[in-house]
Amino acid sequence: MRGWVTIWFFILWLSTCNALAQTDSISIASDTVTQNKPRNAILQNLQLKGYVKQLQTFILVRGLDSLLTDNLLHNRLNFNYSLDTTLNLVVEVRNRVFYGDLLRQVPIYPQLIDSGNDVWDLSAMPVKNRSLLVHTMLDRAYLEYTKKQLEVRLGRQRINWGLNLVWNPNDIFNAYSYFDFDYEERPGSDALRVRYFSGYAGGVEIAARLSTDPEKRTIAGLYKFNRKEYDIQLLGGVVGREAVIGLGWAGSIQDAGFKGEFTYSRPYTNPLDAKGQLLASVSGDYSFASSFYLHGSVLYNSLGEKNPSAFLFQAFRPGRLSVKELSPYKYNVFGQVSYTFHPLLVGGLSTIYFPEDQAFFLNPVLTYSAFPNLDLDAIGQLFMDSEQGEFKATTKVIYARVKWSF
């Protein structure tokens, strides 16, 4: 096992060094291509970015006598290569090392981590035991063809139809959990996507997600247009064995942003006995001249439950969600406030309130930009419910993160 760990860290270190070296070479090549074209013909068409970050987690669950700790070392390499003026190849590699109490105490943790594959298995676990897990994955790998208003993508990609910042009922291809803040890129799908752009913020899109699991297969279309300074979208299709229709908009009222998404799904097998689900989310946000920021949102889930037992498991689950799992609660109210105390220091507090259960989620965040490419974050996640009229924390989680981008 030690040999595998040594090799993995060597590859991680070498990849990071190469990223810096190649990024410099690319910038130089673009300026000197006319002088040294044969040598730099490949480098001038290659872009490479990425990051390395360390996430330390402390978890305290009510009823447990001990503090749980968890660790994640995360490296990402994003490659973008232009084959010619119309063809572009994108490959993004996600490398992660897990170790800590969660890995030791949750037997299915490796299966939860390795959940981003649809048709093609583009992941590997060179080390997998109760004390250490090494996981590497291509979560973006697609070929893109563009010509005038036409764009075609084939391969593992993100198909983002969501408009809101917290809950996205229109994101039927690859929904994500708000609690999984450490995955900025968000999940992707093995899919074919065709887009045709027309007019201002308008166009037609058709996408098909392939999967070995029939419940995950998705084919849908999206029509976008602009009307009275509002971007509006209509969608329809099939997700698994359910028919889906949706509506979304993004605009403003005065200087405040105003967005919304509605999605209704219903099984098309045995339609008389089937029960449909309505997901509706509306949000508003406003930025003051003083850099003070306010954001509010609500989510309604017609199939939501009272006091769902699986909520905490869903919140901490590192895998990909279905759009039907955005929240197990029927009513969800989100509020956020943030302020830039200094150009290098930003703080914020978010909360989600579940009225039926008298439960809260609190999320304080503090970010310090130590250098242009180095960020330090302190993040809290507190889950609280009411017992005899008094709110008590059921779970307290504190994260400390260091992120270096290149």
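Just so you know, all these numbers are worked out from the coordinates, no wet-lab data involved. Note that the coordinates shown come from a computational prediction; the quantities given were computed from them, not determined experimentally. Cβ atoms come from the backbone with ideal geometry, glycine included; neighbour counts cover every protein chain shown.
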Value of relative contact order over the chain, rounded to a whole percent, pairs C-alpha under 8 Å and six or more apart: 12 percent
Fewest-first ordering of 167, 120 by Cβ atoms within 10 Å yields 120, 167
When the chain is treated as a Gaussian network with springs between alpha carbons less than 10 Å apart, the largest mean-square fluctuation among 45, 168, 78 is found at 45
Please compute the contact order of the range 98-139 in relative form: average sequence separation of alpha-carbon pairs under 8 Å and at least six residues apart, divided by the residue count, as a percent. 43 percent
The range 174-230: GluC sites (Glu not before Pro) in DSSP coil with no more than 15 other Cβ atoms inside 10 Å: 184, 185, 229
Which of the trypsin sites (Lys or Arg not before Pro) across the range 183-292 are loop residues per DSSP, with 14 or fewer other Cβ within 10 Å? 228, 241, 275
Only residues of the range 161-199 count here: report those whose backbone N is under 18 Å from the spot 7 Å along Cα→Cβ of residue 64, or say none. 180
I want to check the label-to-label distance for residue 81 and residue 247. Put each point 7 Å from Cα in the C-beta direction and report it in nm to one decimal. 4.6 nm
Answer with one residue from 296, 105, 135: the one whose Cα lies farthest towards the positive end of the charge dipole of the chain, charges on Cβ with Lys, Arg +1 and Asp, Glu -1. 135
A chain fully extended from residue 223 to residue 111 at 0.36 nm per residue, minus the present Cα-Cα distance, gains in nm 36.7 nm
Ascending count of other beta-carbon atoms within 10 Å, so fewest first, for 74, 342: 342, 74
Mind checking the full-extension length gain between residue 358 and residue 160? Use 0.36 nm per residue of separation minus the Cα-Cα distance, one decimal, nm. 68.1 nm
Round to a whole angstrom and tell me the spacing of the C-alpha centers of the range 72-96 and the range 156-184. 20 Å
